[in-house]
Amino acid sequence: MSEIRRLAYTRDEAAKSIGVSVCSIDRLIKKRQIRCSRVLGRTLIPISELEKLLNADFIPRTDGRKTNGRKPKTTRHYTENVDQLFRE
């Protein structure tokens with residue numbers, strides 16, 4: 001008996017397969033960065049969509065924050081503190 005090849009994963013399986021949270025999968029779906037289908041009340045994500053996402057050159061942020069090319073504040077404050085240490 002041959003093994004049946006899966007065509008899609010549930011949200012939980014998709015998240016585990018690419019190493020992200022289910023919330024991240026939901027954000028990707030909401031922003032239409034990956035397609036999904038509803039079958040018998042279950043959200044299914046085609047494996048091909050996950051492969052496209054992983055093969056993309058650029059994966060946009062899904063947490064709603066914009067970077068605008070700036071460093072996070074924590075890095076800037078850390079750098080300022082290090083500079084002060086060397087000035088003294």
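None of the figures in this text is laboratory data; all of them are computed from the coordinates on show. Source: prediction; values computed, not measured. When we count neighbours, we look across all protein chains shown, and the Cβ atoms used for this are built from the backbone with ideal geometry, even at glycine.
Find how much the distance from Lys31 to Lys16 grows on full extension, using 0.36 nm per residue of separation minus their present alpha carbon separation; answer in nm with one decimal. If you can, show how the numbers build up before the last one.
Working: separation 15, 0.36 × 15 = 5.40 nm, distance 1.97 nm.
Gain in length upon complete extension: 3.4 nm.
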Worksheet item: So how do Leu28, Leu44 line up by other beta-carbon neighbours within 10 Å, fewest first?
Response: Leu44, Leu28
Worksheet item: What residues have an amide H closer than 5 Å to that of Thr43, excluding those fewer than 5 places away on the same chain, when H is modeled at 1.01 Å from N in the peptide plane?
Response: Arg11
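For a protection proxy built on the mean count of beta-carbon atoms within 10 angstrom, sort 12-21, 30-39 highest first, please.
Listed from highest to lowest mean packing, they are 12-21, 30-39.
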Practice prompt. Return one quarter of the surface area of the convex hull spanned by the alpha-carbon atoms of the range 1-59, equal to its mean projected area, in nm².
Written response: 4.8
Discussion item. Can you give me the long-range amide H partners of Ala8? Hydrogens built in the peptide plane at 1.01 Å from N, cutoff under 5 Å, separation of 5 or more residues or another chain.
Written reply: Ile47
